[in-house]
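The values are calculated or read from the model by the stated rules, or taken from the named source; none is laboratory data. Predicted, not measured: the structure shown is a model, and the values here were computed from it. Here the Cβ is made from the backbone with ideal geometry for all residues, glycine too, and neighbour counts use every protein chain on show.
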Amino acid sequence: MPPSPPDSLVDLLAASVATHGSRPAFLTKEAGTWRETSYATFAGIVDELRGGLAALGVARGDRVGVIANNRIEWAAIAYATYGLGAALVPMYESQPAREWTFIARDAGLKVLFVASAEIQARLAAVPAPIPTLQHVVRIEGDNGHSLATLRRTGNARPAPALHPRPADVACLLYTSGTTADPKGVLLSHGNILSNVLAVLEVIPLGMQHLTLSFLPWAHAFGHTCELHTALAAGATLAIAESIDKVADNLIEVRPTVLVAVPRVFQRVFVGFQKLMASRPAPLRWLVRGALAAARRRAAGQALGAGDRLRLALAERLVFARARARVGGRLQFAVSGAAALGREVAELIDGIGIMVYEGYGLTETSPIATANVPGRRKLGSVGRALPGVRVAIDRAALPGGDGDGGGNGDGDGDGEIIVYGPNVMRGYHDRPVENQTVFTLDGGLRTGDIGHLDADGFLYVTGRLKEQYKLDNGKYVSPAPLEERLKLSPLIANVMIHGHNRPHNVALVVPGAEIAGHPEAHARIRAEIDRLSADWKPFERVLRFALIAEDFTQHAGLLTPSLKIKRRQVNERYQADLDALYEGDELSVGAQATTRT
């Protein structure tokens with residue numbers, strides 16, 4: 001008889017340790033060498049931290065926070081917290097300190113782990129009290145109130161693991177807050193486990209796989225689809241040294257699977273385009289033909305001898321070398337957290353890396369739909385996971401005519417509604433939002449716009465909060481065109497704007513190789529026109545300004561999942577945006593290139 005599925009994340013880890021105890025759970029780079037930490041060793045760290053937290057008074061229903069990037073201690077803090085029946089509240093090192101304070105106060109933290117003394121000092125500099133907070137524990141170092149001290153306490157005073165009920169809250173994952181203060185999403189053990197088990201039912205992840213972890217575990221996508229799913233499968237997580245070291249780490253650890261956001265794959269796309277632009281014309285011709293053949297193959301069409309020859313030559317001369325830049329062993333990649341452009345997916349697929357794109361949000365734990373082996377359509381975000389149902393509410397679309405859905409005819413577009421065991425328990429302490437986000441029959445209103453095709457594949461075409469109306473009454477969803485424009489090597493970033501205006505304008509961050517070039521504006525104008533040719537006339541960008549500063553998390557203009565904080569960008573560049581509706585396009589662009 002097969003083992004019964006776990007009831008909690010505590011049971012999930014216990015089952016993995018029992019099965020894979022001696023196998024490596026994590027790889028970390030120390031003094032230039034990648035070192036293994038086995039499942040059994042990791043479980044010992046969890047046990048010590050659970051005892052230490054119990055000694056601090058953490059009990060069922062309490063909240064434990066952590067401000068740190070991915071590291072073994074992060075995962076151990078999470079599982080130790082679950083084992084006491086408490087809930088984890090993760091935050092990002094890159095967040096402003098005022099957001100840490102807001103979240104700590106809103107969640108009612110009893111204990112907070114911080115990565116370093118520097119993080120602790122930044123937190124202490126915010127003049128806002130956190131009444132419930134009793135202990136701040138540093139992860140790094142071994143003096144005072146440190147994690148090492150806590151582990152020694154737990155070793156001397158062990159605390160047995162509780163077994164939370166499926167309905168018990170495991171995490172409060174705070175949304176990114178692109179338009180307002182973050183909201184705490186209450187995810188139960190049952191929510192997260194249902195997602196882990198559903199993903200493993202359709203995605204071939206197993207103990208033979210190794211992933212390079214750089215997607216933050218504080219984000220729902222990395223939290224569930226990488227950390228918990230990899231540990232449930234008995235796979236190994238190599239923890240990247242930093243974002244700057246990802247390219248080097250890929251070559252060093254040679255992962256077999258990658259979990260990443262679309263921006264990572266977009267960079268691969270742009271890098272490949274740049275590489276091919278420098279190659280001889282015959283090789284470019286060969287690669288174009290081979291990629292076209294790969295698209296036909298993906299569509300199920302039979303290939304002739306010429307196509308097979310082109311693919312074989314391109315594989316030897318280009319594709320194998322391109323895959324070597326990501327380690328050379330990738331069997332497949334999983335993309336989520338935002339829409340992946342079809343051109344990007346086709347290129348990654350064409351060079352021999354299978355991409356499974358999924359869709360979801362923090363409130364759905366997070367995956368609701370996914371492309372999976374044997375059921376895959378590039379350009380879509382796949383079909384509903386086992387146990388999940390997706391519906392479309394056309395009446396929710398502003399204007400009610402389905403005319404606001406990015407690149408496409410809009411037929412059948414409406415708000416995406418998700419039903420299933422992965423749907424959150426609700427927002428913490430937000431009764432008004434809870435009333436509006438759930439349908440009467442228990443579905444979750446995602447705020448995203450999309451449609452289902454005849455085979456049940458979901459296509460996401462925009463977001464209600466980002467959608468705006470031009471003064472001619474036409475609705476625009478800017479994100480799809482923004483993502484397409486970023487496929488140009490000349491455009492590092494872009495934000496489209498046009499709320500209650502006669503037409504769309506944009507702020508464009510030029511690529512490094514063209515920034516400051518006297519012909520930058522004209523060349524980017526040509527790129528915008530080329531890449532938006534398939535869009536409706538009212539959706540295109542009429543004027544734009546070049547800006548020197550990229551949108552970054554540090555500047556408060558991007559969320560940790562790399563989504564634009566539109567309100568903040570609008571506020572910072574209000575004068576530039578207003579000028580685009582008043583003055584000459586070229587002079588505005590020229591002035592804006594010097595802005596810092």
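Here are some notes:
- Conditions (1) in contact (Cβ under 8 Å) with a residue 24 or more places away in the chain; (2) closer than 23 Å to residue 50 by Cβ; number of the one not met by residue 146: (1)
- When 22, 4 are screened for being in contact with a strand residue (DSSP E or B) (Cβ under 6 Å, 6 or more places away or on another chain), in a loop (DSSP other than H, G, I, E, B) and surrounded by fewer than 19 Cβ atoms within 10 Å (Cβ to Cβ), only 22 passes.
- Every residue from the range 357-399 that is farther than 20 Å from residue 413 by Cβ and surrounded by fewer than 22 Cβ atoms within 10 Å (Cβ to Cβ): 372, 373, 374, 375, 376, 386, 387
- Output for the range 368-417, where each listed residue is among the β-branched types (Val, Ile, Thr), modelled with pLDDT of 95 or more, out of contact with any Lys or Arg (no Cβ under 7 Å at 6 or more places or on another chain) and in a strand (DSSP E or B): 390, 392, 416
- Verdict on residue 273 being among the polar types (S, T, N, Q), out of contact with any Ser or Thr (no Cβ under 9 Å at 6 or more places or on another chain) and in a helix (DSSP H, G or I): no
- Subset of the range 28-65 [surrounded by 21 or more Cβ atoms within 10 Å (Cβ to Cβ) and outside any helix (DSSP H, G or I)]: 58, 63, 64, 65
- Residue in the range 70-111 that is surrounded by the fewest Cβ atoms within 10 Å (Cβ to Cβ), counting only those that are assigned to a loop (DSSP other than H, G, I, E, B) and at pLDDT below 95: 96
- For the residues 245, 274, the requirement of being surrounded by fewer than 19 Cβ atoms within 10 Å (Cβ to Cβ), free of Cβ contacts under 8 Å to residues at least 60 places away in the same chain and either aliphatic (A, V, I, L, M) or out of contact with any Asp or Glu (no Cβ under 8 Å at 6 or more places or on another chain) (or both) singles out 245.
- Top-ranked residue in the range 418-436 [being modelled with pLDDT of 95 or more and of a type in the set (Val, Ile, Thr); ranked as surrounded by the most Cβ atoms within 10 Å (Cβ to Cβ)]: 418
- Residue that is farthest from residue 67 (Cα to Cα) [pool: residues in the range 92-113 that are hydrophobic (A, V, I, L, M, F, W, C) and in contact with a Lys or Arg (Cβ under 6 Å, 6 or more places away or on another chain)]: 107
- Selection count, the range 290-319, where residues are assigned to a loop (DSSP other than H, G, I, E, B) and within 16 Å of residue 346 (Cα to Cα): 3
- Lone qualifier among 236, 229, 256, 211 - being in contact (Cβ under 8 Å) with a residue 12 or more places away in the chain, surrounded by 24 or more Cβ atoms within 10 Å (Cβ to Cβ) and more than 23 Å from residue 187 (Cβ to Cβ): 236
- In the range 544-559, the residue that is nearest to residue 486 (Cα to Cα) out of those that are surrounded by fewer than 19 Cβ atoms within 10 Å (Cβ to Cβ) and in contact (Cβ under 8 Å) with a residue 24 or more places away in the chain is 550.
- Count of the range 120-143 residues, restricted to those that are touching a helix residue (DSSP H, G or I) at 6+ places or on another chain (Cβ under 7 Å) and either under 15 Å from residue 53 (Cβ atoms) or among the basic types (Lys, Arg) (or both), is 6.
- Conditions (1) closer than 12 Å to residue 255 by Cβ; (2) in contact with an Asp or Glu (Cβ under 7 Å, 6 or more places away or on another chain); (3) polar (S, T, N, Q); number of the one not met by residue 331: (2)
- Residue in the range 438-445 that is out of contact with any strand residue (DSSP E or B) (no Cβ under 9 Å at 6 or more places or on another chain) and in a loop (DSSP other than H, G, I, E, B) present: yes
- The listed residue being within 30 Å of residue 423 (Cα to Cα) and either free of Cβ contacts under 8 Å to residues at least 12 places away in the same chain or more than 25 Å from the chain's Cα centre (by Cα) (or both), out of 86, 125, 121: 86
- Residues being among the acidic types (Asp, Glu) and either under 19 Å from residue 545 (Cβ atoms) or surrounded by fewer than 18 Cβ atoms within 10 Å (Cβ to Cβ) (or both) - total across the range 470-508: 2
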